[in-house]
Amino acid sequence: MARNAAKVHEHSTLTVQGRAVRLRTIGFVVLAALAIWFIAANTGSITIRMWVADVTLPLWTVLAGTLLVGIVLGLLIAYRRARR
């Protein structure tokens, strides 16, 4: 019975050119490439209405800023969950 209690969870991996790569890493690389492509494809200028002023910026800066805020918030949430 003690043997069954100590199960070790192994990460899902895929072998690429003789190297084991985690599926999470592959998914991250694909999502990062899609995000970069999407940001690079949207280069027009937009006007953002804030509470006090209107700001005109290139769309790629708004998208990149939104992506960075999302990454920071995701890391913060993951860090807080790991501490519990």
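The values are calculated or read from the model by the stated rules, or taken from the named source; none is laboratory data. All values derive from a computational prediction rather than experimental measurement. All Cβ positions, even for glycine, are placed from backbone atoms using ideal geometry, and neighbour counts span all protein chains on display.
Of all residues being surrounded by 12 or more Cβ atoms within 10 Å (Cβ to Cβ) and assigned to a helix (DSSP H, G or I) in the stretch 33-53, which is nearest to the chain's Cα centre (by Cα)? Just the residue, please.
Kept after step one, since they are surrounded by 12 or more Cβ atoms within 10 Å (Cβ to Cβ), are these residues of the stretch 33-53: 35-36, 38-39, 42, 46.
Filter once more, so that each one left must be assigned to a helix (DSSP H, G or I): 35-36, 38-39.
Numbers: 35: 9, 36: 11, 38: 14, 39: 14 Å.
This residue is 35.
May I ask you to say which residue of 44, 74 is in contact with a helix residue (DSSP H, G or I) (Cβ under 7 Å, 6 or more places away or on another chain) and of a type outside the set (S, T, N, Q)?
44
Show the residue pairs that are 6+ apart or on different chains and have beta-carbon atoms under 9 Å apart, the first residue being within the stretch 10-37 and closer than 20 Å to residue 75 by Cα, the second being part of a loop (DSSP other than H, G, I, E, B) and not hydroxyl-bearing (Ser, Thr, Tyr).
22/11; 23/11; 24/11
Have a look at 20, 2, 6 and point out the one that is in contact with a strand residue (DSSP E or B) (Cβ under 6 Å, 6 or more places away or on another chain) and at pLDDT below 80.
Just one listed residue meets the conditions, 20.
Can you confirm whether residue 56 is modelled with pLDDT under 90 and not in a helix (DSSP H, G or I)? Can you show your working first?
Values: modelled with pLDDT under 90: no; not in a helix (DSSP H, G or I): yes.
So residue 56 fails the test.
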